[in-house]
Amino acid sequence: MKVIFSLFLIIVGIVVAAFPVIKAQYSLNHQEELLGDWEEISQDAKLSYTSLNDVFHTKKKPVQEETEALSSGELIGKIEIPQIDLRMPIVEGATLENMKNAAGHLEGTGQIGEQGNAAVAAHRSYTYGKDFNRLDEIVVGDEINITTREGTYRYVVFNTTIVLPEDTSILKSKQDKSVLTLITCEPMKDPTHRLIVQASLENYIK
């Protein structure tokens, strides 16, 4: 009986130890599936657009006029940052549910590639290299590429900073510029602030 109980405890221990790894792998597989889906999206694919208020405390702003209504959770593209080996899908609406497997575009901010300030948020995963885990390694001059159905937008980082959650000044629109603002938690565990990376649009490849 003692042998059986001991084996049971060993099995339980293995399962508990392996759970975080299994969970992380499941999330990575889901991200790859989303990226695969993105690669197959046609030029006629419908885009989506909604909110991120539960991740970064922003005041709701008027949504820019769109030719089509956008819905939460729908794929709009992918973000790639070569310097930290990041490649992940972007969906509209950075809700907690949407950001389980993707980065989310913040409600009320500018559209990617257009004039204004487009904000994208993602979790600061504990897993090395996952989501925005390595965003703190980004420095001024680094490159960020975002691909949507219109083409690929190349941004170059001009600012990195840390702000309080209620500080929305980094979301102010740049009237004559196209700016990308990346948002994640800081520090990684028990976060009290937000890590911000901002980049300006350098060129566009259709």
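Each reported figure results from applying straightforward, stated rules to the coordinates on display, with no laboratory input. The structure displayed is predicted, hence computed values, not measured ones. Quick reminder, even Gly has a Cβ in these numbers, built from the backbone with ideal geometry, and neighbours come from all protein chains shown.
Descriptive notes on the structure:
- Scoring 130-137, 79-86 by mean Cβ neighbours within 10 Å over their residues and listing the highest first yields 130-137, 79-86.
- A protection proxy built from the mean count of other Cβ atoms within 10 Å ranks the segments 110-118, 89-97, most packed first, as 89-97, 110-118.
- Taking every DSSP bridge with both residues inside the range 79-181, close to 65 percent are antiparallel.
- Taking packing as the residue-averaged number of other Cβ atoms within 10 angstrom, the listed peptides 168-174, 144-150 run from highest to lowest as 144-150, 168-174.
- Taking label positions 7 Å along the Cα-Cβ direction at both E166 and E150, the computed distance is 3.5 nm, reported to one decimal.
- Cross-link pairs exceeding 25 Å in C-alpha to C-alpha distance, out of K172/K206; K78/K177; K78/K130; K78/K174, comprise K172/K206.
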